[in-house]
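Notes follow the structure.
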Amino acid sequence: MSDSKTTALVQAANHGVAWEKAFGYAQAIKVKDTIYVSGQLSHDSAGNLVAPADLDEAGKPQSFDNMEAQIRQTYENARILLAQFGASFDDVVEETLYVLDVDAAFSAASKVRKQVYGAEIPQLASNLIGVSRLAFPQQLVEITFRAVVDR
Amino acid sequence: MSDSKTTALVQAANHGVAWEKAFGYAQAIKVKDTIYVSGQLSHDSAGNLVAPADLDEAGKPQSFDNMEAQIRQTYENARILLAQFGASFDDVVEETLYVLDVDAAFSAASKVRKQVYGAEIPQLASNLIGVSRLAFPQQLVEITFRAVVDR
Amino acid sequence: MSDSKTTALVQAANHGVAWEKAFGYAQAIKVKDTIYVSGQLSHDSAGNLVAPADLDEAGKPQSFDNMEAQIRQTYENARILLAQFGASFDDVVEETLYVLDVDAAFSAASKVRKQVYGAEIPQLASNLIGVSRLAFPQQLVEITFRAVVDR
């Protein structure tokens with residue numbers, strides 16, 4: 001790790017949850033004018049999953065009923081990180097939603113996103129991708145963000 | 001949404017299709033020197049899917065025969081967006097292809113990409129990722145782009 | 001391809017493997033202060049897969065036992081590319097690990113990443129996404145990187 005990583009040009013934001021240390025990464029870093037937010041998920045400040053999906057015998061989610069609740073908490077966690085840099089959802093330029101069920105996510109995310117971005121048509125790039133597994137088996141959604149400040 | 005989103009530093013490009021308003025996002029935005037293009041897919045200007053896959057009883061594509069046609073239309077839609085910023089494929093620095101079948105996509109995309117980028121070996125970063133579902137069940141491919149202008 | 005692609009502002013790095021020419025892309029490009037590294041995978045300098053997974057009759061990996069070995073070689077290949085720009089893992093701001101098995105990848109990547117980034121908690125954004133297929137059937141992991149230099 002070079003000294004440049006510890007200058008004021010780089011700042012890191014974290015939740016203080018166990019997997020930050022276990023995997024070894026920052027929840028978000030700011031380099032120059034850009035904030036890179038790692039994939040956020042639905043957990044509280046103690047690191048407990050919020051609205052985890054019930055799993056079937058194969059360890060797969062039994063339903064996607066908790067999609068909206070997970071999406072809502074996921075954006076809340078992103079908001080907390082952005083605020084640590086003095087930034088907000090107004091600064092987000094791109095997000096990618098990785099989800100276990102695209103149909104459930106489309107309707108839930110449409111609703112939640114218009115609220116958190118505060119606009120009927122939020123002006124950012126957005127991607128919605130159906131994937132097979134996320135970090136936790138009970139996790140239905142993970143969202144990455146890119147924000148640009150000083151503009 | 002802060003006022004900064006409406007200054008000349010941010011511009012948005014859209015196709016005018018229904019899901020832009022439904023989900024609430026911009027097909028592409030330009031912030032400073034960078035254009036963020038949301039995941040593009042194979043549709044015409046009226047929002048009808050072009051070369052949609054036939055689905056089986058489970059709602060999954062029966063074949064990947066339409067992969068090349070979908071990829072071609074997807075790049076055409078990206079071209080249309082880039083042009084709204086006065087940009088072109090020459091300005092693209094990175095693309096990510098999310099596909100339902102990697103083998104079908106590799107051969108089809110190799111062919112189409114060399115044509116649209118106008119080079120035997122296009123000089124951009126490229127990722128090819130096999131995923132389980134995209135926005136529409138009949139959709140075989142979605143491609144995101146990052147372009148940098150003023151260089 | 002415009003002339004601007006061949007100025008000193010853009011540089012490309014490659015491994016010289018067959019699929020660079022077949023698909024048509026650069027393993028990494030540098031534009032202004034940013035290096036975009038295409039999805040790296042576990043291969044040697046001759047283009048042979050390192051620690052490929054054994055496949056079952058359906059062409060799927062029989063196990064994820066080779067995850068750590070593949071992750072290690074994948075980071076080594078990224079290191080080689082970054083070095084071509086005079087850059088290193090110290091310059092990486094974001095990585096995304098696309099993996100066929102999240103649980104196997106979490107433990108293996110935690111170990112390897114702390115070694116290659118040279119820190120107990122590497123200060124970069126990181127994403128871990130479970131996907132259904134990567135470029136080669138025997139491939140268990142692919143990792144993209146974004147690095148920012150001159151800071």
For the A:Lys21, B:Asp33 Cβ pair and Förster radius 35 Å, calculated FRET efficiency rounded to 0.05 is 0.45
Using only the alpha-carbon atoms, what does chain A span along each of its principal axes? Please give whole angstrom values in decreasing order.
49, 38, 23
Helix-only estimate, please: 222 nm mean residue ellipticity of chain B, summing -39500 (n - 2.57) across DSSP H runs of length 4 or more and dividing by its residues, to the nearest 500.
-7500 deg cm²/dmol
Using only Cα atoms, locate the centre of region C:104-144 and the centre of region B:120-151, then give the distance between them in Å, rounded to an integer.
21
How large is Rg/Rh for the protein assembly as shown, to two decimals, with Cα atoms and a Kirkwood Rh?
0.92
So the FRET efficiency between C:Val50 and B:Asp103, C-beta based with R0 = 30 Å and rounded to 0.05, is 0.90
Note the distances from C:Glu76 to each other copy's matching label point, with points 7 Å along the Cα-to-beta-carbon direction, in nm, sorted shortest first.
4.6, 4.6
Net charge (Lys, Arg +1; Asp, Glu -1) of residues whose beta-carbon lies under 14 Å from that of A:Leu49, A:Leu49 excluded, is -3
Against the longest principal axis of chain A, how steep is helix A:67-84, in degrees 0 to 90 to the nearest 10, with axes from Cα atoms?
10
In chain B, which longest range has no GluC sites (Glu not before Pro) that are both DSSP loop (not H, G, I, E or B) and surrounded by at most 12 other Cβ atoms within 10 Å?
B:58-119
Any idea what angle helix B:102-116 forms with the longest principal axis of chain B, computed on alpha-carbon atoms, 0 to 90 degrees, nearest 10?
50
Of B:Lys32/C:Lys30; C:Lys32/C:Lys114; B:Lys111/C:Lys21; B:Lys111/C:Lys60; A:Lys32/C:Lys30, which sit over 20 Å apart, Cα to Cα?
C:Lys32/C:Lys114; B:Lys111/C:Lys60
Once the label point is placed 7 Å from Cα along Cβ, list for C:Gly59 the distances to the corresponding points in the other copies, in nm, shortest first.
2.6, 2.6
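Each reported figure results from applying straightforward, stated rules to the coordinates on display, with no laboratory input. Just so we're clear, the structure is a prediction, and the values are computed from it rather than from any experiment. Positions of Cβ are backbone-derived with ideal geometry, glycine not excepted, and every protein chain shown enters the neighbour counts.
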